[in-house]
Amino acid sequence: MAASCLVLLALCLLLPLLLLGGWKRWRRGRAARHVVAVVLGDVGRSPRMQYHALSLAMHGFSVTLLGFCNSKPHDELLQNNRIQIVGLTELQSLAVGPRVFQYGVKVVLQAMYLLWKLMWREPGAYIFLQNPPGLPSIAVCWFVGCLCGSKLVIDWHNYGYSIMGLVHGPNHPLVLLAKWYEKFFGRLSHLNLCVTNAMREDLADNWHIRAVTVYDKPASFFKETPLDLQHRLFMKLGSMHSPFRARSEPEDPVTERSAFTERDAGSGLVTRLRERPALLVSSTSWTEDEDFSILLAALEKFEQLTLDGHNLPSLVCVITGKGPLREYYSRLIHQKHFQHIQVCTPWLEAEDYPLLLGSADLGVCLHTSSSGLDLPMKVVDMFGCCLPVCAVNFKWQLSGSLGSLCSLHELVKHEENGLVFEDSEELAAQLQMLFSNFPDPAGKLNQFRKNLRESQQLRWDESWVQTVLPLVMDT
């Protein structure tokens, strides 16, 4: 409990100064139609908090969104005059002393910094907080809410302590402390949202927290990409990444050709190439909960099947995202000597990512939840683009009464909108089955896409109006 005590001590020491500096602002009272949203992470890589801000703005709230500004958010967010983004500075750990001491000092400094930033903002009727990361933001946001009368709304994406457990082990003192902290301060919130029914049940049974399930849903811009936009995207990406470039020059020198499409110079008509490669897409944060060695091993088996004479296409595999393990896996990829497979790892602009998903033939998800209770948002986005998915199965043994849980079935319906696999052998077999005789109009891949088109999925805005809007209007 040392880190939590340090957080509370820092809040107490800062209180007189902040009371003096922010008294006039608090005295005006909180604005009934104003919301403060907080994510102690990169705003550009926090789509759910971006969607909350856009939905709140759409329904008449003004929003102040605090977070790190490491990557560009969606243009809709930047262009909305009801939303103000306030950049936070990401504090670095001290390079002296034991690691526990470094971590404790960083937590205290983050608490003081976040408290200062919040107290000099216009107070809102609500503080929307993404968790994780919740240390020290849950305690700080609760404290600020007590001072200015804001209601704290925690949106539980996962459990922060379970992510720490991937690095330190589940019984490490820091992990146990983080679990106590999340449970204690989580109970002090006014409203709680979560991403799956499995998490809602676990919060209720083991944490005594009542939450409302708000499933991740694709935003309106996640949809199938028209062929002319696909071509434009491929040509743009081809200027930076060789897998998107044409394998051969067109007979007509003014014809524009990518690896997948070509545009007729006279009519402007875009068509798909007859011998085009298949486009496989995966997105990742390059963290410990995604083992990309599974995909690489499956690609090696797929390559061998192609060399053995099976009727399989060449493959372009695009893995997009940023994160700490990107360089590690990039080195592994460069050590492979594929003949029929090309792999690239670009970081895409926010506007290009939906276009790529809407242009792809298959998505692969390697997310293995640290808690077993969250769902991969990348699959939600892929389904919004009617892109079939192969997703790795995951389970997690909970210490409570629920036993072994997996929330994946709430999203991926095996043999209906995609496939679930256990290991690289099963993934390789699925790739072989889905890409056999590619492109096959009567194949399983097209059947999954047809099922997704006919499923009439709710979009984020529609779902948000049904689940979240009544809560913030009623309270």
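The values are calculated or read from the model by the stated rules, or taken from the named source; none is laboratory data. Because the structure is predicted, anything quoted here is derived from the model rather than measured. With ideal geometry, Cβ positions are generated from the backbone for all residues, glycine too; neighbour counts draw on all protein chains shown. Accessible surface is based on the protein model in full, side chains and every heavy atom, while ligands, DNA and RNA are left aside. Shrake-Rupley method; radii C 1.70, N 1.55, O 1.52, S 1.80 Å.
Against the definition (within 21 Å of E224 (Cβ to Cβ) and among the basic types (K, R)), how does K378 come out, yes or no? Yes.
If you scan region 302-329, which residues turn out to be assigned to a strand (DSSP E or B) and more than 30 Å from P73 (Cβ to Cβ)?
Within region 302-329, L315 is the sole residue that qualifies.
For the residues L188, L174, the requirement of being in contact with a Leu (Cβ under 8 Å, 6 or more places away or on another chain) and touching a residue at least 40 places away in the same chain (Cβ under 8 Å) singles out L188.
Return the residues of region 34-91 that are among the small types (G, A, S), within 26 Å of K106 (Cα to Cα) and under 19 Å from the mean Cα position of the chain (by Cα); say none if nothing qualifies.
Step one: of region 34-91, the residues among the small types (G, A, S) are 37, 41, 44, 46, 53, 55, 57, 60, 62, 67, 71, 87.
Among the residues that remain, those that are also within 26 Å of K106 (Cα to Cα) are: 37, 41, 44, 46, 67, 71, 87.
Of everything in region 34-91, those that are among the small types (G, A, S), within 26 Å of K106 (Cα to Cα) and under 19 Å from the mean Cα position of the chain (by Cα) turn out to be A37, G41, G44, S46, G67, S71.
If a residue must be outside any strand (DSSP E or B) and under 29 Å from S436 (Cα atoms), how many such residues does region 352-378 contain? Let's see the steps before the verdict.
Filtering region 352-378 for residues outside any strand (DSSP E or B) gives 352-361, 366, 368-378.
Next, only the ones that are under 29 Å from S436 (Cα atoms) stay: 352-361, 366, 368, 376-378.
Of the residues in that region, 15 qualify.
Inspect region 160-179 for any residue being open to solvent by less than 30 Å² (accessible area, probe 1.4 Å) and charged (D, E, K, R) and give the result as yes or no. Looking for residues that are open to solvent by less than 30 Å² (accessible area, probe 1.4 Å) and charged (D, E, K, R), one finds none in region 160-179, hence no.
For region 201-227, enumerate the residues that are more than 21 Å from F383 (Cα to Cα) and not in a loop (DSSP other than H, G, I, E, B).
Filtering region 201-227 for residues more than 21 Å from F383 (Cα to Cα) gives 201-212.
Correct list: E201, D202, L203, A204, D205, N206, V212.
One line per residue, one yes/no per condition, for (1) more than 24 Å from the chain's Cα centre (by Cα); (2) at pLDDT 95 or above; (3) in a strand (DSSP E or B):
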residue	(1), (2), (3)
C390	no, yes, yes
E425	yes, yes, no
Q432	yes, yes, no
P441	yes, no, no
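Of the candidates D308, D291, the single residue that is touching a Ser or Thr at 6+ places or on another chain (Cβ under 8 Å), over 23 Å from G238 (Cα atoms) and open to solvent by 20 Å² or more (accessible area, probe 1.4 Å) is D291. Within region 211-231, identify whether any single residue is within 20 Å of L356 (Cα to Cα), of a type in the set (A, V, I, L, M, F, W, C) and open to solvent by 50 Å² or more (accessible area, probe 1.4 Å), and answer yes or no. Checking region 211-231: at least one residue is within 20 Å of L356 (Cα to Cα), of a type in the set (A, V, I, L, M, F, W, C) and open to solvent by 50 Å² or more (accessible area, probe 1.4 Å).
Screening region 330-339 for residues that are in a loop (DSSP other than H, G, I, E, B) and surrounded by fewer than 16 Cβ atoms within 10 Å (Cβ to Cβ) and picking the one that is nearest to the chain's Cα centre (by Cα) gives K336.
F184 fulfils the conditions (1) within 25 Å of the chain's Cα centre (by Cα); (2) at pLDDT 95 or above; (3) under 26 Å from S371 (Cα atoms); (4) not small (G, A, S) except for a single criterion, (1).
Regarding Q466, is this residue farther than 26 Å from S293 by Cα and either at pLDDT 90 or above or part of a helix (DSSP H, G or I) (or both)? Yes; evaluated as a whole, the condition is true for this residue. Of all the residues in region 121-162, those that are in contact with a Ser or Thr (Cβ under 7 Å, 6 or more places away or on another chain), among the hydroxyl-bearing types (S, T, Y) and assigned to a loop (DSSP other than H, G, I, E, B) number 1.
For region 63-93, a tally of residues being open to solvent by less than 40 Å² (accessible area, probe 1.4 Å) and within 19 Å of L129 (Cα to Cα) returns 12.
Reported count of residues in region 232-246, each being open to solvent by 50 Å² or more (accessible area, probe 1.4 Å) and out of contact with any strand residue (DSSP E or B) (no Cβ under 6 Å at 6 or more places or on another chain), is 6.
The number of residues in region 342-372 that are among the aliphatic types (A, V, I, L, M), at pLDDT 95 or above and open to solvent by less than 10 Å² (accessible area, probe 1.4 Å) comes to 5.
Only a single item in (1) open to solvent by less than 50 Å² (accessible area, probe 1.4 Å); (2) part of a loop (DSSP other than H, G, I, E, B); (3) closer than 28 Å to R121 by Cβ; (4) not polar (S, T, N, Q) is not met by L188, and it is number (1). Residues in region 13-65 that are at pLDDT 95 or above, of a type in the set (G, A, S) and assigned to a strand (DSSP E or B): A37, S62. Of the residues E249, E275, the single one that is over 30 Å from N70 (Cα atoms), in contact with a strand residue (DSSP E or B) (Cβ under 9 Å, 6 or more places away or on another chain), in a loop (DSSP other than H, G, I, E, B) and open to solvent by 70 Å² or more (accessible area, probe 1.4 Å) is E249.
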